[in-house]
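Shown next, in structure tokens, is the structure this report addresses.
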Amino acid sequence: MSLRYDLLIRNALVIDGTRRPRFAGDIGVRDARIADIGLLAHARGAVEIDAHGKIAAPGFIDAHTHDDRLLGSDPAMTPKVSQGVTSVIIGNCGISLAPLVSASPPAPLDLIDDGGAFRFADFASFLEELESRPAATNVAALVGHTTLRVASMSRLERAATPAETKRMQALARAALAAGAIGLSTGTYYPPAAHATTEEIIAVARPLKDYGGRYVTHMRHEDDRIAEAMEETFRIGREVGVPVVISHHKVVGARNHGRSVETLALLARAGKRQSVCLDCYPYTASSTVLRADRIALSSRILITWSRPHPECAGMELAQAAERLGLSQEDAVSRLSPAGAIYFSMDEADVQRILQFDETMIGSDGLPHDQKPHPRLWGTFARVLGHYCRDLGLFPLETAIYKMTGLTARNFGLKERGLLLPGCWADITIFDAGEIGDAASFDKPAKLARGIDSVIVNGIVVWREGCSTGTRPGRLLRAGAQRGKEN
Ligand code: ZN
Ligand code: CU
């Protein structure tokens, strides 16, 4: 008699997501979970994959995404599963699809809108939709403070009144009760930039009761970054919850090198409270088009423009010349629009990626006409360019930063690890071949070296193609409430 599995992966080099050194083994999957790992030579699988010479790792968790609408509009999740991503965290930077009904939400909410995306009056109905129409990947959702502001305030260009703050707090509590895993803010962006620290603390209060996280695109990432970090830490301490600093970076030539200082601040704060961060592996950022970024960037590329879609892919300088305008005036003419800003220092990016508590998050913008290549390239670039080619860290550490560490920091139980009993999210890849192909010129290019991607025991990606299966699940906070690790 031989053991039988739903799926059997043979002859893999297993990297389990804990940072432990790799070992040779077979992986048996039954009922969507990992049943056994070891020498299973006599076992059989209804589906078998020979992973000879390849790595089997936990499926990657994208710590920072704006895939809120993509899960419904392209449930194959091709930009993500093609890089080995099996779970995404949505609702970042203060931007969530719920709770808000609006035909034309203000920037930056328009980064994920298509004219009809904001149609959920409450967070529970949004989560129900995610659950009833699964995608290829799993998803965990944050509720966005900017969305709460738009839903609760009569005017956005000021701090919230006590009554508005109370309403936002009630909506945040309802979202967490429904299954949101945390609250995100984007005080860098104009509508939320008017929020006081006290407003955010009040809205974030319910996080503590639900074991949620405070996740933030901070007010400043340039000259005043240290001040913004102190505000972030203070909010985490006063609310009494873990803090996640989103896409940590230092912007503007005069601030280059300051990651030495910011990482020291993080390490120091980490001694008295729970803090972590995510990072994408590029020296250019991307968000809405803004005139105040011109002085901080060596080069700006237009990623989309509603009034001038023909300008997507152009340099701002070039678009301005064509329109016969200054760059500042071209920004108003092109808006609403998005852009890529070359404004970081390679040494800072490498230093941040290497920091112990740094997770990998793409911050990909899936609906841009000409998106930043991080959407299609982030995970493969960390594994190929930064880990193998530059030797920033061992492969076991690179995997940990996109699996075990991320699951721990977001409280995702039984995810991010290849251990018996865990959910069977597995990525099989060739360590010698893995690499990003997406570039600023051609951003929608499949990563190299990904062999197979498995979500909850089902193969979703095999040899460069989606299999058409949609086994993704909603990862609710409720399941792990009170069981912090
Ligand atoms: Zn952001
Ligand atoms: Cu973001």
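Computed from the coordinates by the stated procedures, all read-outs in this text should not be read as laboratory data. Nothing here was measured: the structure is a model prediction, and the numbers come from that model. Here Cβ is always computed from backbone atoms with ideal geometry, including for glycine, and neighbour counts include all displayed protein chains.
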* Asked: M218's amide H: which non-local residues (gap 5+, or another chain) put their own amide H closer than 5 Å, with H modeled 1.01 Å from N in plane and none for Pro or chain starts?
  -> S246
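Remind me, relative contact order of region 1-45 in percent, using alpha carbon pairs under 8 angstrom and six or more residues apart?
Relative CO of region 1-45 lands at 43 percent.
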* Asked: Under unit Cβ charges (Lys, Arg +1; Asp, Glu -1), what dipole magnitude, rounded to 20 debye, does the chain have relative to its Cα centre?
  -> 920 debye
* Asked: In degrees between 0 and 90, to the nearest 10, how far off the longest principal axis of the chain does helix 225-239 point, with axes built from Cα atoms?
  -> 70 degrees
* What ³J(HN,Hα) values, in whole Hz, does the Karplus curve 6.51 cos²θ - 1.76 cosθ + 1.60 give for region 328-344 when θ = phi - 60°, with x put for Gly and Pro? -> 4, 5, 5, 4, 5, 5, 7, 6, x, 7, x, 8, 10, 10, 8, 8, 10
* To do: Just add up the charged neighbours of F120: K/R +1, D/E -1, any other residue whose Cβ is under 15 Å from the Cβ of F120.
  => -4
* Structure fact -> Along the dipole axis of the chain (charges at Cβ: +1 for Lys and Arg, -1 for Asp and Glu; origin at the Cα centre), the most positive-end residue among G421, A180, L301 is G421
* To do: Just need the relative contact order of region 287-340 here, percent rounded to a whole number, with Cα pairs under 8 Å and 6+ apart.
  => 49 percent
* Normalise the Debye intensity by I(0) for region 287-340, one equal point scatterer per Cα, no solvent, then take log10 at q = 0.13, 0.20, 0.26, 0.27 Å⁻¹ and round to two decimals. => -0.22, -0.54, -0.98, -1.07
* To do: Counting only C-alpha contacts under 8 Å and six or more residues apart, can you give the relative contact order of the chain as a whole percent?
  => 21 percent
* Cα centroid separation - region 170-207 against region 84-123, whole Å -> 15 Å
* Using amide H atoms built 1.01 Å from N in the peptide plane, name the residues 5+ places from C422, or on other chains, whose amide H lies under 5 Å from its own. => I34
* Asked: What is the order of L3, L39, L207, L353, fewest Cβ neighbours within 10 Å to most?
  -> L39, L3, L353, L207
* Compute the long axis of helix 123-132 from its Cα atoms, compare it with the longest principal axis of the Cα atoms of the chain, and write down the angle in degrees, 0 to 90, nearest 10. => 30 degrees
* In region 89-184, GluC sites (Glu not before Pro) in a DSSP loop with at most 12 other beta-carbon atoms within 10 Å -> E157
* Report P(r) for region 130-258: all Cα-Cα distances, bin width 10 Å, range 0 to the bin holding the largest distance, values in whole percent. => 13, 41, 31, 13, 1
* Using the structure shown, select from K413/K445; K249/K445; K208/K249; K54/K401 the pairs with a Cα to Cα distance greater than 23 angstrom. => K413/K445; K249/K445; K208/K249
* Taking square-rooted eigenvalues a ≥ b ≥ c of the alpha carbon gyration tensor, is region 199-264 rounded, prolate or oblate, where a/c under 1.5 means rounded and, failing that, a/b exceeding b/c means prolate? -> prolate
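Under a Cβ-only charge scheme (Lys and Arg +1, Asp and Glu -1), can you give me the dipole magnitude of region 287-340 about the Cα centre, in debye to the nearest 20?
Dipole size: approximately 140 debye.
What does the net charge come to around V101 if you take all other residues with beta carbon closer than 14 Å to its beta carbon, with K and R at +1 and D and E at -1?
Computed value for this residue: -2.
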* To do: Under a cut-off of 20 Å between alpha-carbon atoms, report the aspartates and glutamates in cross-link reach of K271, not counting same-chain residues fewer than 8 places apart.
  => E227, E230, E231, E238, E261, D356, E357, E484
* List the lysines whose alpha-carbon lies under 23 Å from that of K442, not counting same-chain residues fewer than 8 positions away? -> K80, K370
* Asked: Of all DSSP beta bridges located in the chain, what percent are antiparallel, nearest 5?
  -> 55 percent
* Going by alpha carbons, how many degrees (0 to 90, nearest 10) lie between the helix axis of 259-269 and the longest principal axis of the chain? -> 80 degrees
